[in-house]
Amino acid sequence: MGKLVVAIDGPAGAGKSTIAKLVAEKLGYVYIDTGAMYRAVTLKFLNSGEAFSEELVTSIANKIAITFKPEPGCNHVYMDGKEVTEDIRSSKVTGEVSEVSAVPGVRTAMVDLQRKIGSADSAVLDGRDIGTVVFPDADVKVFLTASVEERAKRRYLELKEKGKEVKLEDIIHDIAARDKYDSERKVAPLRCADNAHYIDTSDMSIPQVVANILELCKG
């Protein structure tokens, strides 16, 4: 079997990262967390202390070095040689990442980097435009989704587990707003690729979803 690219797209909170990591682990493929890449650019922008501008974030995206070091249970993210695995998940970064990732120059820089990493080896990538823009010729394309309520509940439990004080209704509102923004943005909007396998995970367990995708990879 030659190199395979598995593209997993879907809205915020659909469990893409969790599923993609497990699929990559089972197949022995590289896992490329594209969301983490945009979050790293956002973190570097926030750390600059400068006012937002498309020119600034594009410049950051063109110069930033992002690498991954996968270990069982964790995909460590490094920005310019420094580990930022936890830092990029802060609420501050979450609040800004949609605006940063919608900038055309940022997307161009990250797509180039994603293609470079993905073309070097068999890989699993997750995001919002992998099967439509980044790897339109991916061998296996999946669109993962779930109801807004189900996605919010999962995120709520995940944050509570980390000891964070959050309200379920706030998360429902945030996810619905993120869906709208991602679906309506001008550059690479969130949509299901024509030849993608659509999987609604609302009533599925993580092992069931992983098994489903592994079957698709067998061709």
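The values are calculated or read from the model by the stated rules, or taken from the named source; none is laboratory data. Just so it is clear, the model here is predicted, and its values are computed rather than measured. In this analysis, Cβ positions are derived from the backbone assuming ideal geometry, glycine residues included, and neighbour counts consider all displayed protein chains.
Pairs under 8 Å by beta carbon, first residue over 17 Å from GLU158 (Cβ atoms) and without any contact (Cβ under 8 Å) to a residue 24 or more places away in the chain in the range 80-102, partner among the small types (Gly, Ala, Ser) and exposed (fewer than 12 other Cβ atoms within 10 Å of the Cβ), six or more apart or different chains?
GLY81/ALA65
Here is a list of conditions, (1) surrounded by 18 or more Cβ atoms within 10 Å (Cβ to Cβ); (2) more than 27 Å from GLU50 (Cα to Cα), and GLN114 meets all of them except one; can you say which number that is?
GLN114 satisfies every listed condition except (2).
Tell me which helices (runs of 4 or more DSSP H) are completely within the range 1-65 and hold 2 or more residues being without any contact (Cβ under 8 Å) to a residue 60 or more places away in the chain and either farther than 27 Å from LYS180 by Cα or in contact with a helix residue (DSSP H, G or I) (Cβ under 8 Å, 6 or more places away or on another chain) (or both), or say none if there are none. Spell out the reasoning first.
Numbers: elements: 16-27, 34-48, 54-63.
In the range 1-65, the matching helices (runs of 4 or more DSSP H) lie at 34-48, 54-63.
In the list VAL77, VAL106, which residue meets the criterion of being of a type in the set (Val, Ile, Thr) and at pLDDT 95 or above? Show your work before the answer.
Numbers: VAL77 fails: at pLDDT 95 or above.
Selected residue: VAL106, the only one of VAL77, VAL106 that is of a type in the set (Val, Ile, Thr) and at pLDDT 95 or above.
Among the listed residues THR108, THR132, THR85, THR94, identify the single one that is assigned to a loop (DSSP other than H, G, I, E, B) and of a type in the set (Ser, Thr, Tyr).
Values: THR108 fails: assigned to a loop (DSSP other than H, G, I, E, B); THR132 fails: assigned to a loop (DSSP other than H, G, I, E, B); THR94 fails: assigned to a loop (DSSP other than H, G, I, E, B).
Within the list THR108, THR132, THR85, THR94, the selection yields THR85.
Mind checking which residues of the range 167-193 are assigned to a loop (DSSP other than H, G, I, E, B), over 18 Å from VAL100 (Cβ atoms) and under 17 Å from the mean Cα position of the chain (by Cα)?
Initial filter on the range 167-193 (assigned to a loop (DSSP other than H, G, I, E, B)): 167, 185-193.
Still in the running and over 18 Å from VAL100 (Cβ atoms): 167, 191-193.
Within the range 167-193, ARG191, CYS192, ALA193 meet the criteria.
Any idea which of THR58, THR67, THR34 is within 23 Å of LEU4 (Cα to Cα) and in contact with a Gly (Cβ under 7 Å, 6 or more places away or on another chain)? Show your work before the answer.
Details: THR58 fails: within 23 Å of LEU4 (Cα to Cα); THR67 fails: in contact with a Gly (Cβ under 7 Å, 6 or more places away or on another chain).
The conditions single out THR34.
Name the residues in the range 194-215 that are within 15 Å of THR18 (Cα to Cα) and either part of a helix (DSSP H, G or I) or free of Cβ contacts under 8 Å to residues at least 40 places away in the same chain (or both), would you?
MET204, SER205, ILE206, PRO207, GLN208, VAL209, VAL210, ALA211, ASN212, ILE213, LEU214
To keep it simple, each residue is scored yes or no on (1) more than 17 Å from THR145 (Cα to Cα); (2) surrounded by 24 or more Cβ atoms within 10 Å (Cβ to Cβ).
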{"position": "LYS3", "(1), (2)": "yes, no"}
{"position": "PRO11", "(1), (2)": "no, no"}
{"position": "SER17", "(1), (2)": "no, no"}
{"position": "LYS21", "(1), (2)": "no, no"}
{"position": "LYS26", "(1), (2)": "yes, no"}
{"position": "TYR31", "(1), (2)": "yes, no"}
{"position": "MET37", "(1), (2)": "yes, yes"}
{"position": "ALA40", "(1), (2)": "yes, yes"}
